[in-house]
Structure formats: C-alpha cells, structure tokens
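Here's the structure, in structure tokens; my notes come after.
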Amino acid sequence: MKIAVLGTGYVGLSTGVCLSEIGHSVCCIDVDEAKINRLRQGLSPIYEPGLEDLLVKNTALGRLHFTTSHKEAIETADIIIIAVGTPQGDDGAADLSYLVQAAKDLSAHMKPNTIVVIKSTVPVGTNDYVKCIIEEHTNTPFKMVSNPEFLRQGSAVKDTMKADRIVIGSQDKEAALKIQEMYRPLGVPILLTNVRSAEMIKYASNAFLATKISFINEISNLCEAVGANIIDVADGMGRDNRIGAAFLQAGIGYGGSCFPKDVKALLHTADSYGISFDLLKNTISINESQKILLYQKACKVLGSLKNKKIALLGLSFKPETDDMREAPSINIAHLLRGAEAQVVAYDPVATENAKKVLGNTIEYASSIEEAIDNADALFLVTEWQKFKQLDLVKVTQQMKQPLIFDGRNCFSEEKVRACPRIEYYPIGKPAIITGKDEIN
Ligand code: UGA
C-alpha cells in the first residue's frame, strides 16, 4: 500500500519506519526542511533504540521516503496518516492547530477515496471535527479512521512491531478493513470500534496508567510512614493478574509528552461535559507532590542546601530517551537552585535538550565521576542502566558526604549495605545508614 505520514515526531517517524519495514511504501512529510534532509541521510532526529537501523535499511530498499512537499506525498497515497503533535493548550485542552493545518494541507492534494487516519492523540469528537474541515476544503470523497497510538518513547519500535493491540475506529467498515489489512503483517490483535470509542480508549488508557503510577506513589509514601517496603508491596500486588505488575514502579512522578498532557486533556473533556473527574484531579496533584519528594528529603537531612554541591544523575523524563518534556528533573533543578545549591547534572543523552530548558541555571558534567566528585549529595533522577550498575562503594568514596537520594529505587538493599559508609534514602523503603559516626 502507498502511505503518506504527516509529521515526523516520535509517533509519525516510528509509524512510518515500521510500516515500511512490513513492506509498505511510505513517504513521511514534515515542514522542517533541515529535519527532512537529515532523515534522507538516514539520521534520526530523536534518540530511539533500533529506529535508525530500520530507517537506513528501508530507505536503501526504496520503501521509505522523506519530503517537505505535501503534494508529492499525498497525491499518490492510498492512506494518509496524520501524526502531528497535539500539545497542551493554555486551558489544559489539547491544541489542535497542527492537526487543522494538516487537514487543510492534505485536502488540497488527496485523490478520491483516500483513507485519512488520525493517529495523533485527539480529544473525543476530533475525528468528526477534522472530517468537517476537510469537507470544507475539498469535494474529493474520502474516508476517516481513528487509529490511536500506544507506543512508548524508548521502546517505540518494539511497541509498534509487537503491539498489545491496534485500535481502529471508523463508521466506514470498508475503510476499517483496509487499515486492518495494512497492519496485518504485524500479526497483533486488532480491535474494531466506532470513532469516539477509539478516541476514548487512548485517553482512558493513558489516564489509567498515570493513575496507577500515582496510586503506587501514594502507597510508597504510606510504606515509608509505616515501615513497609514498596518493592515487596508492588510485587505482591502485581502478581494478582487482575492488577498486573506493570506500571507499579514507585518513583518521583510521571513525566513526558503524554501522561501529563493527556490526563489534563481528559479532565478538560470531562469538565466540558459537566462531569467532575475527581480521581484525575488527585492523580495530577499526587504527581506534582511526588516530583518534589527528593528535594524535601534532602532539606530534612541536610538542613540548608545553600552552596551544597548536589549531583543530579539523569535529566530525561525516563531512560532510553533524550526527551526533557515535563521531566521531574526540571522541577528538582529549579527547587535546588532556589535554595542556592550548586547543581551539577549528568545524563547519558539528554544534556543538549536539558540545556534548552534549564540553560545555565545548572552545570552539566560530561561524566558521572565529574558530577559526583566532592558532592554533598547525589539525587538519582532517571534510572539509566549505567546508573543502576554504579559501584556504590566507589561513588560514596568520591563524594564529600555519602548521601544518596534515590528517586527510582535503583539499588538493592544488599548493594547499599555493602558500602562501609552511606546514607541512602530510597522511595517507599526504609533508609539505610551505615558508618553513621563518620558522616557529618
Ligand atoms: C506513554 C504510554 O505508556 C504509551 O502507551 C503511549 O502511547 C504514550 O504515552 C503516548 O501517549 O504517546 P511514554 O510517555 O513514552 O508512553 O512513557 P512511559 O513509559 O509510559 O512512562 C511515562 C512516565 O511514567 C515516565 O516518567 C516514567 O518514569 C513514569 N513511570 C512509568 C513510573 O513512574 N512508574 C512506572 O511504573 C512506569
């Protein structure tokens, strides 16, 4: 099938690349000329494991193309997939301006009976709205399909190629079956629904997962208070198939370009229908509190943070990505700077993006050693594999004070206890202090 993909962000690019991998002829469109030029050279604009290899492979096979010309990609396409961003607007609702522009752009060039697929995350009712916009701009007949995306950053290729399910929402049976056919080579379960249900499945899924995280974070706070251990508690809960083990990792709150925005957008939808979705309000407020937890713990232990060197390990909102959107590291850095601490951060891939957000308010180290050298405390912010493998004995020896605030529970009790001198504060578990007399 000939497919045009509008937008080369995480979703658009991963989708385009994966659809070419299963044999389709795909042309990805973006207005950013520099980005398209890089993509043509086989360079991925985002850090995403496995993506660049498939990009190079399928470009070489002639199945994957990139262009800035809507006309070139759209006039021959059987299927047009819209995957532009829907960022959060000022009022919490999703900003649909890129989507509206995409609808106008494609209506000028599409051939009759093209299937227009909306993959961008859009509030319930948006597919109908976009359909109206296209109809206002062309008399060419077309069909609409809602096909929300469930891939995660950091595992986008795997999540697309081995999806738990694909949701296809359409009022038009023939169009739905054609999109089902497009995905058939993946061999994953496909669910056919109406358009509004498909739109709702996406928001309900993200809001549920965000709520699951806030729930486990709240339980972890309770665990700290009562002396329980969140790792055992989450394990015990997760073994119940009705609950499931995924997304029960307590930490310093969810971030990224999806959960924070989508939870707020769903709340906004509920409000506009007169439904007070209090559960979601609590999900958001628990998450906000969780982001400042490490800072609060450090204040409690250290008193004043003024002129204290704090090493931040990890800046991206989660491992395996360079994305800084809504990363808890931003809140933490601001709080630490507000307290006049010296903040030195290290991240394996997100430093350049972090500089765009945090500028020179903090210092950026080029190695873990540089960040922790002579530090008064270490904040473990993102659970990169290389941080989990750290030799804690060496780390604590290099620091001025062996104080670690672990926001992602990266280290086992055994590993921590093996340190002759450490003061270790994890999430939802008792603190571990060894060699206390020597710590000041
Ligand atoms: C999320 C969803 O997981 C995807 O299914 C969805 O397609 C995507 O949003 C989207 O709407 O585009 P993503 O934002 O890439 O994917 O990242 P996740 O892996 O879901 O993590 C989100 C946040 O939750 C991260 O900050 C992570 O650290 C946090 N998290 C996750 C926890 O704190 N605990 C957990 O147990 C799991």
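The values are calculated or read from the model by the stated rules, or taken from the named source; none is laboratory data. This structure is a prediction, so every number in the text was calculated from the model and none was measured. Every residue, glycine among them, receives a Cβ derived from its backbone with ideal geometry; neighbour counts consider all protein chains shown.
If you go through the range 62-108 and keep only what is hydroxyl-bearing (Ser, Thr, Tyr) and in contact with a Pro (Cβ under 6 Å, 6 or more places away or on another chain), you end up with nothing.
Take the conditions (1) at pLDDT 95 or above; (2) surrounded by fewer than 21 Cβ atoms within 10 Å (Cβ to Cβ); (3) not aromatic (Phe, Trp, Tyr); Ile46 misses just one of them, which is (1).
Residue under question is Gly125, and the condition is that it be at positive phi and either out of contact with any Lys or Arg (no Cβ under 9 Å at 6 or more places or on another chain) or of a type outside the set (Phe, Trp, Tyr) (or both); does it hold? Yes, satisfied.
Among the residues of the range 193-206, just one is touching a residue at least 60 places away in the same chain (Cβ under 8 Å), surrounded by fewer than 17 Cβ atoms within 10 Å (Cβ to Cβ) and in contact with a Gly (Cβ under 9 Å, 6 or more places away or on another chain), namely Arg196. Select from the range 143-183 the residues that are of a type in the set (Lys, Arg) and either at pLDDT below 95 or not in a strand (DSSP E or B) (or both) and write down the one among them that is farthest from the chain's Cα centre (by Cα). Taking the candidates together, the pick is Lys173.
Only one of the numbered conditions (1) among the charged types (D, E, K, R); (2) away from the ligand (no atom under 16 Å from the Cβ); (3) surrounded by 16 or more Cβ atoms within 10 Å (Cβ to Cβ) is not met by Glu174, and that is (3). Filtering Leu209, Leu222 for residues that are modelled with pLDDT of 95 or more, within 15 Å of the ligand (Cβ to nearest atom) and surrounded by fewer than 21 Cβ atoms within 10 Å (Cβ to Cβ) leaves a single hit, Leu209. Counting only residues that are surrounded by fewer than 21 Cβ atoms within 10 Å (Cβ to Cβ) and within 16 Å of the ligand (Cβ to nearest atom), the range 133-150 holds 1 of them.
Filtered by the rule that a residue be surrounded by fewer than 22 Cβ atoms within 10 Å (Cβ to Cβ) and assigned to a helix (DSSP H, G or I), the range 285-321 gives Ser285, Ile286, Glu288, Ser289, Gln296, Lys297, Cys299, Lys300, Val301, Leu302. In the range 402-420, the residue that is surrounded by the most Cβ atoms within 10 Å (Cβ to Cβ) out of those that are part of a loop (DSSP other than H, G, I, E, B) and touching a residue at least 40 places away in the same chain (Cβ under 8 Å) is Gly407.
If you go through the range 384-395 one residue at a time, do you hit one that is closer than 20 Å to Gln296 by Cβ and surrounded by 15 or more Cβ atoms within 10 Å (Cβ to Cβ)? There is no residue in the range 384-395 that is closer than 20 Å to Gln296 by Cβ and surrounded by 15 or more Cβ atoms within 10 Å (Cβ to Cβ). No other residue among Ala250, Ala234, Ala245, Ala228 is out of contact with any Gly (no Cβ under 6 Å at 6 or more places or on another chain) and in a loop (DSSP other than H, G, I, E, B) apart from Ala228.
Residues that are touching a Leu at 6+ places or on another chain (Cβ under 7 Å) and crowded, with 24+ Cβ neighbours inside 10 Å within the range 326-335 comprise Ala327, Ser329, Ile332, Ala333, listed in sequence order. When you scan the range 55-71, do you find a residue that is free of Cβ contacts under 8 Å to residues at least 24 places away in the same chain and closer than 25 Å to Asn353 by Cα, even just one? For the range 55-71, residues free of Cβ contacts under 8 Å to residues at least 24 places away in the same chain and closer than 25 Å to Asn353 by Cα: present. Under the condition of being closer than 20 Å to Ser329 by Cβ and either more than 8 Å from the ligand (Cβ to nearest atom) or among the charged types (D, E, K, R) (or both), the residues counted in the range 237-263 number 3.
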